[in-house]
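Data first, discussion second: the structure below is written as structure tokens.
Coordinate-derived values only; no laboratory data. Remember, it's a predicted structure, so these values are computed and weren't measured experimentally. So basically every Cβ, Gly included, is an ideal-geometry build from the backbone, and we count neighbours across all protein chains shown.
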Amino acid sequence: MKFILGTKGKMLTVYTEEGQAFAATIVNASPSVVTQIKTPEKEGYSAVQIGGIEGKDKNVNKAQVGHAKGKMLKHFRELRVRDSKAAEGVEVGATIDVSAFAVGDKVTVSAVSKGKGFAGVVKRYNFKGGPRTHGQKHSERAPGSLGGSGGRAGGRVARGYRMAGRMGSDRVTVRNLPILQVIPETNELVIAGAIPGRVGTLVEIRG
């Protein structure tokens, strides 16, 4: 099973033997542990739960330690499987490390993006903004008419309109990123492309 937790590291440029350059991200993926197998009979769906990233005593509560059978694991994530047969051969307590992946594998990466605070529509949704001349004064980066005063929305602002607001801190999934290097000695994966989040963000990698 190709599913592991890690933390985002720095970006770098990786050159292949053919001389092709890739912008890549280092992921520090210490071994993850299978902590639970969920079945339709008991939980109502099929999934494999893993735990990863060891923490200090003050950062891991007793419930987490008990669930992980005495291991100090901070994070738990699930991988949904189609049915219980897909989880056959996976046992609770099994360890998953970077050796499960190989150079050239295409992976799906999920993480929480950087928080950018309150942002206007030009930054948040790439609005063009108003004209720079011809009487322009205070509305250069304003959203303009919301279109909610007509009969279509009943004189109100309908849900879903693109407006200024909190930007970032969203779960983002990037698919089909190739693995460029696997370094078992340091538990690192070098993945082509950019990964959401800041350095140190929890990253889920699925094969």
Hey, with R₀ at 25 Å, roughly what FRET efficiency would TYR45 and ARG159 work out to, going by the Cβ-Cβ distance, to 0.05? 0.25
How do ASP170, ASP57, ASP97 rank when sorted from fewest to most other Cβ atoms within 10 Å of their own Cβ? ASP57, ASP170, ASP97
Please turn the phi angles of region 115-123 into ³J(HN,Hα) values with the Karplus equation 6.51 cos²θ - 1.76 cosθ + 1.60 (θ = phi - 60°), one per residue in order, whole Hz, x for glycine and proline. x, 10, x, 6, 10, x, 6, 5, 7
Between HIS75 and residues 5 or more places away or on another chain, the pairs with built amide H atoms under 5 Å apart involve GLY52
In Hz, Karplus ³J(HN,Hα) per residue of region 186-197 (6.51, -1.76, 1.60; θ = phi - 60°; x = Gly, Pro): 10, 6, 10, 10, 9, 10, 5, x, 9, 10, x, x
Among the listed pairs LYS8/LYS106; LYS10/LYS128; LYS8/LYS74; LYS42/LYS62; LYS74/LYS106, which have their C-alpha atoms separated by more than 21 angstrom in this model? LYS10/LYS128; LYS42/LYS62; LYS74/LYS106
Sum of side-chain charges, PRO131 neighbourhood, beta-carbon under 13 Å (Lys, Arg +1; Asp, Glu -1): +3
In terms of modelled amide H atoms, which long-range or inter-chain residues lie less than 5 Å from the amide H of THR35? GLN49, ILE50, GLY51, GLY93
Could you derive backbone 3J(HN,Hα) for region 135-143 from the dihedral phi with the Karplus parameters 6.51, -1.76 and 1.60 (θ = phi - 60°), listing whole Hz in sequence and x where the residue is Gly or Pro? x, 4, 9, 10, 10, 4, 10, 7, x
What is the chain's relative contact order, in percent, from Cα pairs under 8 angstrom and six or more apart in sequence? 31
